[in-house]
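K.L.:
Here's a structure for you.
The values are calculated or read from the model by the stated rules, or taken from the named source; none is laboratory data. This is a predicted model, so every value here is computed, not measured. Note: ideal-geometry Cβ built from the backbone for every residue, glycine included; neighbour counts use all protein chains shown. The area values use the complete protein model at the heavy-atom level, side chains included, leaving out ligands, DNA and RNA. Shrake-Rupley method; radii C 1.70, N 1.55, O 1.52, S 1.80 Å.
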Amino acid sequence: MPGTRRRESASTATEQGHGEAQPQSLLRFNEPLSWKAGKAIPVAELLSRLQKLAKELESLEPEGEVDPKSVYKVAQELASPNLLAHKDRGVRAWTACCVVDLLRICVPHAPFRSAQLKDIFTTIVSFIIPQLADPSNAYNAQHVYVLSSLSEVQSIALITDLERPEQLILSLFTTCFDIVSGSAKASTGEEVSKGVEGHLTQILVQVIDECSSISPEVTDVIIAQFMRVDPRTNEQDAARKKNSGVPDGSQGNLLQKTYPRAYGMAKAICGSVPEKMTTFISQYFSNIIVDASESAQTNSHVGKGHGSRGSISDADDDGKDLKELSKAHRLIRELWRACPDVLQHVIPQVEAELSAESASLRLVATETLGDVTAGIGVAGCPPPVHIDPAAYPPVDRSNPTPSTLQTNLLQAPISPKPFAQLHASAYESFLSRKLDRSPSVRAAWATCAGRILLTSAGGIGFAEGEDQKLKDGLAQLLADADEKVRLAAIKVIGVFGFMDVIDKLATHGSVSTPGSVLATLSDRVRDRKPSVREEAMQVLGRIWAVAAGEIENGSEEVTAMLGDVPSKLLDTYYVNEPEVHVLLDHILFEYLLPLNYPPIKGKSSKSDSQKQAWKGKLDPLTEENGADVDLIRVRRILTLLNGLDDRAKRVFFGMQNRQTQLSRVMVQYLKACENYNGGVVEKNESEVQKELSKWVEAISKTLPEPARVAADLRKFAKMHDRRNYQLIRFCLNSESDYRTVVKAIKELTKRIQTRATNSPSLDTMTPLLYRCSLLLYNRSHVPGIMRISRSDEKGLADAAHEMLKEISTRTPEVLRTHVQELCTDLESTAPDDANPEEPSAADMLKACAEFARRFPAEVPRDRKFMVAMTDYALFSRSPRAAKHAVSIIMAGAEKKEMYAKELIQKATTNCTHSSPHFLARLATISQINLLAPQAADAESDTIIRITMQETLLHNRQLAPDLDSYTWSASQDEETRAKEWALKCLVNFLRSHLDDESSFMESATPIYEMLTRLIEQEGELSNLKDTPASQKSYLRLTASRFLLKLCSKGRACEDLVTPHMFNAVGLVAQDRLPGVRAGFIRQLKKYLALERLNYRWYTVLFLTAFEPERSLKNDTIAWLKSRGQALARKQQAQSLSKTGHQNIMELLFARLLSLLAHHPDFPEKGSETFDSEFVDFAQYIIFYLTAVGNEDNLSLIFHVAQRVKQTQDAVTGTPEASERLYVLSDLAQATIRHYADFLSHQKGHSANANILQTWPGKLRLPLGLFAALPNHDVAQKIADRNYLPEEVAEDLERIVKATLKPNKPSTSLKHHEKKRKSETQEAAADDSEEEDESKRAKKAKKTSLPVRKASKSGTWKTKTPRPNKKRKSDDDVPSSEQPARKSSRKSGAQATSYAEGDSEDDDKEMERWEKLAEEKAEKARAKEAEEESEGKGEDAGRGVDEEGEPEAQMNGHNHDSEKENDESKDVDDDVNDGTDEDDAKSSREVSPSPLRPQLNGSSSKTRSTTRVSGEGKSVTISNTTVGKPTQAKKKALPLKKIPPNGNLRVTRRTKAAGT
């Protein structure tokens, strides 16, 4: 019938001729149905007649069996308004039944005129169909019959032939959807049947199929049904119902979980007639998109104009357009899920929006296509998987547990077809939006990419390489220049569950794979933006917390992917920002090691616990049917520790060591609070206030915003809640078990929260509680750690040993409860001559020894235990075990002398290298030498024979290559024996420190032997037959023992002569990285503990050519940290005290002396002097990078000048003094260039000069420098410029190239140590030729000489370059990781993530240099007229705020502070009265010890310094660089690093190779 049916009116039908006559039945009904006015048929009678007619019509078959003439009269009566508009519902219902039957019988010729048909369909649409919404209606059967007839006979199609049927069709669609949606539901709440819903769907499909076009309103009605799943629509409907007072009996609007029936109808319509619906929907979206696009484009152009303003009405219209556009794009999401075929013409329109100029259009289009690809509809994304860091049991990939979340079909990602293949062009355009210029669009793309990966493109899956593109883009945006883009990318990763991370993100690469999503995410933990940094750390912390179970169980795949997460997180400690440290505390104790892991069981009575245990009903999540929750937690802690690298381990243990220090401070603070008594003090109020302020200030300095923290701590003291004091003491007490500590933290937090007014902030108290509480080094964890250390459960024995070692060293008091058990275990497993000790015995003994040292009275003293310790000392396979056993005996035994004598006799009797347990004997001898020197002195001759003749001077192994020098990670027994032999001698010396005569008698040969081992690279034998691997380790051991001796007091330090110091310093430049790293690590440890003289800092600056990038970066970061710590310590000292001032700055003189005696200092007059000497500038630049800033650069410059006013005192030779002078000139020139670079970086004006005259006193070490003999010599040295011209001209380029970050084209020798070899010299020649060819292509570029006097006797200052304009983050997106935040680097300009182009930077730099030279020419033209002194500018303060991770972690050794103070000034100072005259030239007082006093001098300042000698003085002019030389000079090359990265060897070891 549809599409082929001829429809005619009744009059036309009667005029047609009849065909071949067939027997036709006549309608027998002949009762009247119409009436005249005033003579209406009674309703009952009328209903009876209509029912009779309906029954007869229902029994008749279609056309061919009924005579049309017989039904014509009835048809006309049924079409009368009297029946169709009758007030009785039954009359209308039965009339409609008769009408639809007539349409069925007379098909395809309707027996009605057009006007009658319109009335009929109006009645059906307006009265009959709406009644279907009430299934309880008395005439519901008749209504359903009418609907089914219209659907089955398809007579509803006649509605499209009516005149102007648009409104009727619109009403039909609206009514049908309202019926099934429940908006016209009956009072009983009964819904319409599925059959009615199907018939309604069919009639709507038939109407659309018959229509050539439908009105936009109808299309809107159909499409609106898809919005019924939109939460926004539901919320608006609920709000309207609430405001109107209409109760909503259903809660479905709150969280809809199934598709509405109207949604299903609309979906069925689109699926039944896809061709027509495609056209109608395309037109619908075209109108909306075009209108909104035109509006957006118009606004974009108007916004670019000047003075153009739109009216308020225009703005309202634009807002409506954008609102409609947003709604339309939400519809597109749902239409793709329901019927994607109807969008084939809409998607290209959305694709066009991706290229629109309006960012809002691009944003909406990007979000839409992203959600369409991911199969996400208008209901939104499914709720993210909840990741509980404290969940137990952990996730098991091999046996995943089903999700307990209720499935919501509306939010389930579903994509019926692969969007990327079906609309390839649109998908490629979508992928290109990751490079959009708008950060909002890039952020939206990152979110969409994550969703697509998470849903596997709506469950369809990816084509080959498709997911890789998304991961690459997501990784790129994780390093985007804009903060909100990075944040959006991190947040979308946070939605991924653990299984999703492993299966979908980790396939792109692990956390340690450069460029992968996870690796880039881990880089964001050091982001400069706090919000980005915090989100990244939380996401990574949650991911690792869930993965910890798999890592603990040994899953290689998960460990490879996520095992490095804790290291990445803990590495942020080195950023040295208080905010980062606080965030790291939260991450550690809320994600990695949550306080409630595993969930602690609630308190219950003993009887209840026993009853539950008997019934086997213990909580499986907490007690694991009897499992030890402390052991579960210990495994988590050890799993974390086991995956940390060395840097992260130092942080981890440092954070626990900080607890020990802070707990002491908190104890004093609580005492002060109790004395303060809430502000009511009866006696000594000022002292009590002062004491409280002291500890408040001490604590507040450790947290960000010290002022806020101090205010909170005072509020806490003002509260004077004794329960709070007790709770904190519970957290600090080593006797508190883990459960007590956690409950105390929770109760204290709750008490602070419930106190509404005048209470401290949790932002202050929570980090303090985390830091001072015994959460990891807790007595509850000790049994588990000991158990795992013995059993190696899950491969965690090494971590357990390390943990036990730290506990015994830092907080041995927590072992008090378990020491008896520990000693019993050691006693039962003691070794003998045939049976070895257990592998974990050494660590157990160490723990016991540390406890015995602190609490000797609590160690067992019975004979049996002491005999067991003696067996450990004599028969242990591990020398460490023997050492600690002796320590336990010497600490706890009542008869120490007897045990010491017995041990030394047994250890030395028949002791040779072939004796059994030789290493244990050496360790025992060594420890007795230290702890019982009287017993050792009795066997001194035997000890000397064993250590020297039997061990150190005798090589049992043959050395195949006598000239080789190699490193081995593991040492053989002979090497270890030599190490213990050296330790015996060193301990002997340490034990005689109190006896000056005995010490000096023994110290000289031991020092000479250690120095010989260092200078001869571990060779001690006269036969030169020491194996190569032994030599390197012996050199390292000798240097470490020498440092250990120097850390014990001034007497040991004084024995280290300058010559010996220089030899030890060269160990930092050893050929082998293992030697260098071990020595530097030991040196930093002692310096951080302040056990060494400050001069030892000088050695660390020799790492300027360190090839190991991590070691070099760690060293420079550590130096910056220590510099800041020493500066703060200096500022805290009283000005009246005479202390060590400007420590790091004054080290520069020592560094120059060390470089002057460096074995690689080039020979004067050699052809390669200039090219080799310029390398020494790298040391100076390295020093300036670590120490220099705007505040102290003038002092460093003054130190460099003072060096030239003295002579060498180490060797006293003229050659050495001349080396000092050339280094002094090199240093001054380098500092000038560095100052220019720093001024440009800080954004100072072009004429600013941060180098000012330093007015303070300055003394140089007497052991290194001596006064000049007379005035003539001093004047001659001052007038001469020792720096070669070629070096001076090329120095500026070297400084810039070294300091310029991210410049891959620069071939500086940052990573090559200052050693020479023939191969590297050839490489340097090649580099020189290459650099010359490159410079030939550029404009002529000259450098300024170091010093040049003007006619007036003053020195001209180089005009600083103007600031170079840098692009903002938004202009230059980049995937590069930001550098570590430092005020030295940041300055006044924002740091960009973009990596600059080296060629562009060079061109830009040349342009500014030309400008600077032009200004210098103008300045020289006015030189004769200018005054010698001018007004200067005060340089801006730029103190770096780096912290001191090593210092904070290792803490301050109070026991050695006094000893250290006595050993600070090893060398006396050269004081020739020079500085007193310098101080007189000052005009104002400096506000800071590191800021120079300004005397009114500018860039043309003339500073006068006097050098005394034999009663005479000479005036020396000290200023900045002057005019460049005009002669062409050959520029020195920047040498390349050799491909193998090895260090150059000295002339003394050249034959040995590298």
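K.L.:
Post the alpha-carbon centroid distance, region 809-847 to region 1156-1217, in whole angstrom.
P.N.:
So the separation of the two Cα centres works out to 54 Å.
K.L.:
Considering all projection directions equally, how large on average is the shadow of the alpha-carbon convex hull of region 880-928, in square nanometres?
P.N.:
3.0 nm²
K.L.:
What fraction, in whole percent, of alpha-carbon pairs in region 783-826 exceed 14 Å separation?
P.N.:
Of all Cα-Cα pairs in region 783-826, 48 percent lie more than 14 Å apart.
K.L.:
Is region 1002-1065 rounded, prolate or oblate when judged by the Cα gyration tensor, a ≥ b ≥ c being the square roots of its eigenvalues, rounded requiring a/c under 1.5 and prolate requiring a/b larger than b/c?
P.N.:
Because a/c hits 1.5 or more and a/b exceeds b/c, region 1002-1065 counts as prolate.
K.L.:
Give the long-range amide H neighbours of PHE1265: residues separated by 5 or more places, or on another chain, with amide H under 5 Å away, using H modelled in the peptide plane at 1.01 Å from N.
P.N.:
For PHE1265, whose amide H was placed from the backbone, the distant partners under 5 Å are ALA1209.
K.L.:
Would you mind counting up the charge near ALA868? Only other residues with Cβ under 11 Å from its Cβ, with Lys and Arg at +1 and Asp and Glu at -1.
P.N.:
Once positives and negatives cancel, what remains is -4.
K.L.:
Let me see the pair-distance distribution of region 704-760: every alpha carbon pair, 5 Å bin width, integer percents in order.
P.N.:
4, 19, 24, 22, 19, 10, 3
K.L.:
If I compute solvent accessible area with a 1.4 Å probe over the protein chains, what percent of it on region 978-1120 is carbon and sulfur?
P.N.:
Solvent-exposed carbon and sulfur of region 978-1120 make up 49 percent of the total.
K.L.:
Per-residue accessible area for GLU357 at 1.4 Å probe radius, Å² rounded to 10?
P.N.:
That residue has around 70 Å² of solvent-accessible surface.
K.L.:
For region 453-612, rounded, prolate or oblate, judged on the Cα gyration tensor with a ≥ b ≥ c (square roots of eigenvalues), a/c < 1.5 rounded, else prolate if a/b > b/c?
P.N.:
In terms of gyration-tensor shape, oblate.
K.L.:
Assuming 1.002 mPa s and 20 °C, estimate D for region 411-541 with Stokes-Einstein, Rh taken as the Kirkwood radius over Cα pairs, in µm²/s.
P.N.:
D = 145 µm²/s.
K.L.:
Where in region 553-570 is the amide nitrogen less than 16 Å from a point lying 7 Å along the Cα-to-Cβ axis of ASP396?
P.N.:
Once the point is set 7 Å along Cα→Cβ of ASP396, 553-555 turn out to lie under 16 Å by backbone N, inside region 553-570.
K.L.:
Then there's this: Of the peptides 738-744, 862-868, how do they stack up when ordered by the mean number of other Cβ atoms within 10 Å, highest first?
P.N.:
In decreasing order of mean packing, 738-744, 862-868 become 738-744, 862-868.
K.L.:
Give the residue list of trypsin sites (Lys or Arg not before Pro) in region 1010-1043 that are DSSP loop and have at most 16 other beta-carbon atoms within 10 angstrom.
P.N.:
Qualifying residues, ordered by number: LYS1024.
K.L.:
Next question. For the pairs LYS1085/LYS1120; LYS746/LYS805; LYS1024/LYS1044; LYS649/LYS978; LYS983/LYS1031; LYS701/LYS1129, flag any whose C-alpha to C-alpha distance is greater than 19 Å.
P.N.:
LYS746/LYS805; LYS1024/LYS1044; LYS649/LYS978
K.L.:
Let me ask something additional. Taking the Cβ of LEU822 as the center, what net charge do the other residues with Cβ under 12 Å away carry, scoring Lys and Arg +1 and Asp and Glu -1?
P.N.:
That works out to -2.
K.L.:
Please report, in debye to the nearest 20, how large the charge dipole of region 929-1069 is about its Cα centre when each Lys and Arg carries +1 at its beta carbon and each Asp and Glu carries -1 there.
P.N.:
Dipole magnitude for region 929-1069 comes out near 380 debye.
K.L.:
Give me the 1.4 Å probe accessible area per residue for region 864-957, excluding ligands and nucleic acids, in Å².
P.N.:
That works out to 39 Å² per residue.
K.L.:
Rounded if a/c is under 1.5, else prolate if a/b beats b/c, else oblate: with a ≥ b ≥ c from the C-alpha gyration tensor eigenvalues square-rooted, which is region 795-897?
P.N.:
Since a/c reaches 1.5 but b/c is at least a/b, the shape of region 795-897 is classed as oblate.
K.L.:
While we're on this one: Could you tally the net charge around GLY459, taking each other residue with its Cβ under 12 Å from the Cβ of GLY459, Lys/Arg +1 and Asp/Glu -1?
P.N.:
Result for the local shell: +2.
K.L.:
Only loop residues by DSSP count here, and only those with at most 11 other Cβ atoms within 10 Å; note down the trypsin sites (Lys or Arg not before Pro) in region 407-443 that meet that.
P.N.:
ARG437
K.L.:
If you plug each phi of region 1198-1210 into the Karplus form 6.51 cos²θ - 1.76 cosθ + 1.60 with θ = phi - 60°, what whole-Hz ³J(HN,Hα) values come out, in order, with x for Gly and Pro?
P.N.:
Each residue of region 1198-1210 in turn: 5, 4, 4, 5, 5, 4, 6, 9, 10, 10, 5, 10, 6 Hz.
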